[in-house]
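Novice: Structure provided below as structure tokens; questions to follow.
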Amino acid sequence: MPTRTTNCSPTSERTAWRLHREVVILAGWGRAILLQLAHPLVAQGVADHSSFAADPRGRVRRLKQTLGAMLALTFGTAGDAAEAAAAINKIHDRVNGRLREGAGKLAAGTGYSAHDPALLAWVHATLVDTFLLSYERFIAPLSPAERDRYCLEAGGAAPLLGIPPDALPRSTGELTSYLERMFSSGEIVVTGTARSLAREVLAPGLPWPARPLLALARLTTVGLLPPPIREAYGFEWSPRKERALTVLSAATRRSLPFLPPLLRHWPAARRAARRERTLHQG
């Protein structure tokens with residue numbers, strides 16, 4: 001998961017703060033989840049240990065918990081970050097089991113654990129890649145140096161989550177190489193379990209007034225996926241949908257500068273900015 005920025009530089013220099021403060025970055029959240037579920041061990045763990053598929057409220061609760069942890073790790077104090085990491089580790093303590101059916105190079109019976117650094121690295125990389133893509137698609141372009149800095153900053157709390165420092169990509173080049181290696185490894189296979197969970201991601205059973213928002217969420221989730229993964233899930237895509245996504249992206253980029261921070265940025269980000277200003281004025 002995106003993690004705490006560990007340097008003490010002003011807010012404007014923290015690329016992770018720039019990305020994570022934006023509410024609209026949630027447009028890519030579904031993509032990240034579906035990429036994570038494309039790893040059979042992640043999908044099996046979610047299916048075995050989460051109320052995600054059975055309870056619509058559980059899906060909302062999971063999103064709030066994950067989002068809250070991301071914001072605490074990014075914008076919280078050192079104590080907030082430690083508390084959030086401890087809560088994540090406590091949940092991970094009970095998430096272990098075995099793959100029920102073989103998938104790709106993974107044999108049936110392969111064990112999984114949420115503390116496995118390799119699985120944590122996959123989850124982390126999918127989020128970092130998705131947030132970079134979402135920011136540039138819906139908010140503004142980033143320079144190569146900014147993209148590299150984000151990759152580096154996003155791994156700041158790896159020790160709190162038990163992830164070896166060298167397990168995470170620390171630049172865009174390393175991120176690209178890691179994803180290419182994983183996609184060609186035979187470990188990333190969209191299983192029937194993943195497809196079943198994906199249906200819950202895209203149709204979470206919210207009340208009918210929310211359906212227009214769900215349609216937009218489905219458009220961004222499916223449209224931002226790498227084409228091979230999108231096809232493996234069995235999602236239909238067309239030039240018309242691609243044009244709709246392009247229009248939505250452009251309209252969002254044009255309108256965001258006119259929104260005040262109260263609407264555009266997460267409350268945790270605004271609190272952190274105020275804390276930083278007080279610190280540097282003191």
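The values are calculated or read from the model by the stated rules, or taken from the named source; none is laboratory data. It should be emphasised that the depicted structure is a prediction, and the values quoted were computed from it without experimental measurement. All Cβ positions, glycine included, derive from the backbone under ideal geometry; neighbour counts span all protein chains shown. To get the accessible areas, we keep the full protein, side chains included, count just its heavy atoms, and leave off ligands, DNA and RNA. Shrake-Rupley method; radii C 1.70, N 1.55, O 1.52, S 1.80 Å.
Novice: Among the numbered criteria (1) open to solvent by less than 50 Å² (accessible area, probe 1.4 Å); (2) touching a residue at least 40 places away in the same chain (Cβ under 8 Å), which one does Gly173 miss?
Specialist: Only one criterion in (1) open to solvent by less than 50 Å² (accessible area, probe 1.4 Å); (2) touching a residue at least 40 places away in the same chain (Cβ under 8 Å) is unmet by Gly173, namely (2).
Novice: Could you list, ordered by first residue, the pairs with Cβ atoms under 6 Å in which the first is in the stretch 69-92 and of a type in the set (A, V, I, L, M) and the second is open to solvent by 50 Å² or more (accessible area, probe 1.4 Å), at least 6 apart or interchain?
Specialist: Ala72/Asp80; Leu73/Arg4; Ala81/Arg4; Ala85/Leu160
Novice: Further, regarding this structure: Mind checking whether some residue in the stretch 107-114 is outside any loop (DSSP other than H, G, I, E, B) and surrounded by fewer than 19 Cβ atoms within 10 Å (Cβ to Cβ)?
Specialist: Here is the first cut: in the stretch 107-114, the residues outside any loop (DSSP other than H, G, I, E, B) are 111-113.
Now narrow it down to the ones that are surrounded by fewer than 19 Cβ atoms within 10 Å (Cβ to Cβ): 111, 113.
Checked the stretch 107-114: at least one residue is outside any loop (DSSP other than H, G, I, E, B) and surrounded by fewer than 19 Cβ atoms within 10 Å (Cβ to Cβ).
Novice: For the subset of the stretch 115-139 comprising residues that are assigned to a loop (DSSP other than H, G, I, E, B) and either out of contact with any His (no Cβ under 8 Å at 6 or more places or on another chain) or within 14 Å of Ala157 (Cα to Cα) (or both), which member is least open to solvent (accessible area, probe 1.4 Å)? Before the answer, list the steps.
Specialist: The initial filter retains those residues of the stretch 115-139 that are assigned to a loop (DSSP other than H, G, I, E, B), namely 115-116, 139.
Cutting the leftovers down to either out of contact with any His (no Cβ under 8 Å at 6 or more places or on another chain) or within 14 Å of Ala157 (Cα to Cα) (or both) gives us 116, 139.
Numbers: Asp116: 52, Ile139: 17 Å².
So the residue we want is Ile139.
Novice: Let me ask something else about it. What pairs come up if the first residue lies in the stretch 20-44 and is open to solvent by less than 30 Å² (accessible area, probe 1.4 Å) and part of a helix (DSSP H, G or I), the second is of a type in the set (D, E, K, R) and modelled with pLDDT under 95, and their beta carbons are under 8 Å apart, counting only those six or more places apart or on different chains?
Specialist: Gly30/Arg218
Novice: Identify the single condition in (1) within 18 Å of Ile25 (Cα to Cα); (2) modelled with pLDDT of 95 or more; (3) β-branched (Val, Ile, Thr) that Val201 does not satisfy, given that it satisfies every other one.
Specialist: (2)
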